[in-house]
1. Per residue, how much accessible area does the stretch 26-84 have with a 1.4 Å probe, in Å²?
2. Checking the table Lys23/Lys88; Lys12/Lys62; Lys23/Lys62; Lys28/Lys74 against a 20 Å threshold on Cα-Cα, which pairs fail?
3. Can you compute the charge dipole magnitude of the stretch 1-57 about its Cα centre, using +1 on each Lys and Arg Cβ and -1 on each Asp and Glu Cβ, nothing else charged? Give it in debye, rounded to the nearest 20.
4. For Ala16 paired with Asp39, estimate the spin-label separation in nm (one decimal), with each label point 7 Å from Cα along the Cα-to-Cβ line.
5. What helices in the chain pass both tests, a Cα length along the helix axis of 20 Å or more and a mean Kyte hydropathy of -1.0 or higher, using whole DSSP H runs?
6. Can you spot the aspartates and glutamates whose alpha carbon is less than 18 Å from Lys13's alpha carbon? Ignore those fewer than 8 places along the same chain.
7. May I ask you to give the percent of accessible area on the chain that is carbon plus sulfur, with a probe radius of 1.4 Å?
8. Translational D (Stokes-Einstein, µm²/s) of the chain at 25 °C and 0.890 mPa s when Rh comes from the Kirkwood sum over C-alpha pairs?
Amino acid sequence: MKQYYLSRIWEKKLLAGFYDGTKQSYSKCVRNFLEKLKDRTTKGFSFENLEELLSLMQISIKIKHRGKTPLILKDKSNFMRCYLLLFKFIEKEKRCAR
């Protein structure tokens with residue numbers, strides 16, 4: 001099974017911004033997910049883990065902006081950039097897998 005690493009998907013600045021974003025109250029579900037994966041023997045993420053992380057990040061962004069689309073569209077935080085890059089990466093991997 002192929003393993004994916006967040007440090008290869010995002011650059012160091014975004015990776016640090018992502019972990020800073022997980023400390024916020026709106027991203028508790030992402031923080032819990034990462035804690036659950038921390039106790040594994042493998043270090044990387046599977047593709048299913050990345051998809052689950054993406055959906056949890058989407059939930060966190062909706063909580064952060066209370067579901068208001070104009071606020072979500074204006075968000076330029078590192079957490080949002082990480083979400084967009086992860087989305088782009090997952091879609092590219094799905095296309096390549098076909």
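The values are calculated or read from the model by the stated rules, or taken from the named source; none is laboratory data. Predicted model, so just to flag it, every value in this text is computed and none were measured. Cβ atoms come from the backbone with ideal geometry, glycine included; neighbour counts cover every protein chain shown. Surface accessibility is based on the protein's heavy atoms, side chains included, excluding ligands, DNA and RNA. Shrake-Rupley method; radii C 1.70, N 1.55, O 1.52, S 1.80 Å.
1. 63
2. Correct reply: Lys23/Lys88; Lys12/Lys62; Lys28/Lys74.
3. On the way: 11 positive and 7 negative charges, 44 e Å.
Computed about the Cα centre, the dipole is about 220 debye.
4. 3.1
5. Result, helices passing both filters: 47-64, 78-97.
6. Asp75
7. Looking at the chain in its full context, I get 54 percent from C and S.
8. 175
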